[in-house]
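S.K.: Dumping the structure here so I can ask a few things about it.
The values are calculated or read from the model by the stated rules, or taken from the named source; none is laboratory data. Small disclaimer: the values here were computed from a predicted structure and weren't measured. With ideal geometry, Cβ positions are generated from the backbone for all residues, glycine too; neighbour counts draw on all protein chains shown.
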Amino acid sequence: MALLRAHTSGGNLGSQPLTSRAPVRELVFVDDARIFGGGQRVVLRLARFVHELVPDRSARMICPAGSELAKHCRAIGIPVLDARFPGFGQQIPAAVRELRRVLADLPTDAVLVGSSLRVQVYAHAAELGRRERHRIVHFLVEQDSAARLTAKLLLRRYGAVVVLGDTAARTYQEELPGIDVLPVNNFLLPEEFAVAAAHRARPVGGKAPVLGVLARLFPGKGVVELVGELAANPDAWSQLLVAGGRQDESYAVEVEHRIVAEGLDDRVRLLGHVTDYEDFFGKVDVLVVPSTGNEGQPTVIVEALAYGRPVIVRQPIWSPAFERLPVVPYRDGRDFRDALTRIERASIDPEELVDRFGPMQALEAIERSARDY
């Protein structure tokens, strides 16, 4: 449990706040939970870290009570406060009033951590007219919102915005000059690092590597494009294992058709949703993250490294956070083979991963933002 102690012993967390002023005792995470995707998993991880491992801090979640996020929170003992965050329509005023009632029952020193522009707009609307308003931290896990008018109107009013991944943070900084943007790395929980370190397997080996993709099937994940890129480099790899649920059925069918069209149905396997990461990473030599959308810093990269697997990522996803780690960027099928030959298969130091990609660095940034609110 050395990895666990590394997160909780430094800085004497039990006796002093992480920030120099305005101590944070309770973080209330707010998420619309329309899906249970990467953003929701990040929020859940951080809430769980605060709830279970940080002394003198507590965590609650505000989200729809029937959502999958709420189910996961209740399973690990995180209290859930029910609220809805509908899109444009007549339900908005009622939803704001409902959220206002929820917030009225929170301690005035509780910090709200909103994970999307939608919930942040709702939170600010619900706080209007309150005598003592809660501090609100903007914790953004994607970069698409940076160019929206809502971001320009809302985020400029506050001292700091916490953004997942330095690439996404740079986008917000460019779109919102003058705003203090705090970049944080994606992270795993101490127990996840410990499990991965205990179950590292040797590379599968062979003349050509077995590749893996760990992503839900929907547009933007780049699986269709990857199949075409692999077809252009048939002797550079042996198999491709794609693990992920069929979130968008039409896209999943498109992936299947592309596999058949390229004549790769005997080399590419769609595994569906996978929960046994030990088994999955034990079967692949290299993880590929071919996303074509504006992802910040996918958790799967850190997961692969924790299990001792090198990673190839599409160019926009790579960032300086991966310096000195076996994470190699590629653009398309023309340089995919070169990326495979350049990737390092050296051992990965688990303690270095904990230092870079542990949850404490994200919590510290959130508390700094709360302090400067």
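S.K.: If only one of Leu154, Leu176, Leu164 is in contact (Cβ under 8 Å) with a residue 12 or more places away in the chain and crowded, with 21+ Cβ neighbours inside 10 Å, which one is it? Spell out the reasoning first.
M.R.: Details: Leu154 fails: crowded, with 21+ Cβ neighbours inside 10 Å; Leu176 fails: crowded, with 21+ Cβ neighbours inside 10 Å.
Just one listed residue meets the conditions, Leu164.
S.K.: Looking at region 187-225, which of the residues that are more than 22 Å from the chain's Cα centre (by Cα) and part of a helix (DSSP H, G or I) is surrounded by the fewest Cβ atoms within 10 Å (Cβ to Cβ)?
M.R.: Ala198
S.K.: So for region 206-227 (the condition being touching a residue at least 60 places away in the same chain (Cβ under 8 Å) and in contact with an Asp or Glu (Cβ under 6 Å, 6 or more places away or on another chain)), does at least one residue qualify?
M.R.: yes
S.K.: Could you grab me the full set of residues in region 61-86 that are buried (at least 22 other Cβ atoms within 10 Å of the Cβ) and either of a type outside the set (A, V, I, L, M) or in a helix (DSSP H, G or I) (or both)?
M.R.: First pass over region 61-86, keeping only residues buried (at least 22 other Cβ atoms within 10 Å of the Cβ): 61-63, 69, 73, 83, 85.
If the condition is that a residue be buried (at least 22 other Cβ atoms within 10 Å of the Cβ) and either of a type outside the set (A, V, I, L, M) or in a helix (DSSP H, G or I) (or both), then Cys63, Leu69, Cys73, Phe85 are the ones that fit.
S.K.: Separate question: Would you check if Ala339 is touching a residue at least 40 places away in the same chain (Cβ under 8 Å) and outside any strand (DSSP E or B)?
M.R.: The answer is no for Ala339.
S.K.: Check whether at least one residue in region 121-134 is without any contact (Cβ under 8 Å) to a residue 24 or more places away in the chain and at positive phi, and report yes or no.
M.R.: yes
S.K.: List the number of the failed condition for Ala215; all other conditions in (1) among the small types (Gly, Ala, Ser); (2) within 20 Å of Glu278 (Cα to Cα); (3) out of contact with any strand residue (DSSP E or B) (no Cβ under 9 Å at 6 or more places or on another chain) hold.
M.R.: Ala215 satisfies all of (1) among the small types (Gly, Ala, Ser); (2) within 20 Å of Glu278 (Cα to Cα); (3) out of contact with any strand residue (DSSP E or B) (no Cβ under 9 Å at 6 or more places or on another chain) except (3).
S.K.: Right, another one. Restricting attention to region 321-336, and to residues there that are in a helix (DSSP H, G or I) and surrounded by fewer than 20 Cβ atoms within 10 Å (Cβ to Cβ), which single residue is farthest from the chain's Cα centre (by Cα)? Let's see the steps before the verdict.
M.R.: Initially, region 321-336 is screened for residues in a helix (DSSP H, G or I), giving 321-322, 333-336.
With surrounded by fewer than 20 Cβ atoms within 10 Å (Cβ to Cβ) added as a condition, the list becomes 321, 333-335.
On the way: Ala321: 14, Gly333: 27, Arg334: 29, Asp335: 27 Å.
Out of the qualifying residues, it is Arg334.
S.K.: Leu241: assigned by TED's automatic domain parsing to the domain that holds Phe280 and either within 28 Å of Arg41 (Cβ to Cβ) or at pLDDT below 95 (or both), yes or no? Write out each step before concluding.
M.R.: Numbers: assigned by TED's automatic domain parsing to the domain that holds Phe280: yes; either within 28 Å of Arg41 (Cβ to Cβ) or at pLDDT below 95 (or both): yes.
Considered against the rule, which asks whether it is assigned by TED's automatic domain parsing to the domain that holds Phe280 and either within 28 Å of Arg41 (Cβ to Cβ) or at pLDDT below 95 (or both), Leu241 comes out as yes.
S.K.: Residues of region 176-189 being modelled with pLDDT under 85 and touching a helix residue (DSSP H, G or I) at 6+ places or on another chain (Cβ under 9 Å), which ones?
M.R.: Leu176, Ile179
S.K.: Restricting to region 254-294, name every residue that is crowded, with 17+ Cβ neighbours inside 10 Å and assigned to a strand (DSSP E or B).
M.R.: Val268, Leu270, Val286, Leu287, Val288, Val289
S.K.: Which residue, of Gly39, Gly89, is crowded, with 17+ Cβ neighbours inside 10 Å, at pLDDT below 95 and either out of contact with any Ser or Thr (no Cβ under 8 Å at 6 or more places or on another chain) or part of a helix (DSSP H, G or I) (or both)? Break it down stepwise before answering.
M.R.: Numbers: Gly89 fails: crowded, with 17+ Cβ neighbours inside 10 Å.
That would be Gly39, the only listed residue that is crowded, with 17+ Cβ neighbours inside 10 Å, at pLDDT below 95 and either out of contact with any Ser or Thr (no Cβ under 8 Å at 6 or more places or on another chain) or part of a helix (DSSP H, G or I) (or both).
Matching residues to (1) touching a Ser or Thr at 6+ places or on another chain (Cβ under 6 Å); (2) touching a residue at least 60 places away in the same chain (Cβ under 8 Å); (3) not small (Gly, Ala, Ser):
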| site | (1), (2), (3) |
| --- | --- |
| Asp276 | no, no, yes |
| Asp279 | no, no, yes |
| Lys283 | no, yes, yes |
| Val286 | no, yes, yes |
| Gly293 | no, yes, no |
| Thr299 | no, yes, yes |
| Pro310 | no, no, yes |
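S.K.: I'd like to check something: does region 142-158 contain any residue that is in the same structural domain as Ser115 (by TED's automatic domain parsing), modelled with pLDDT under 90, touching a Pro at 6+ places or on another chain (Cβ under 8 Å) and of a type in the set (D, E, K, R)?
M.R.: no
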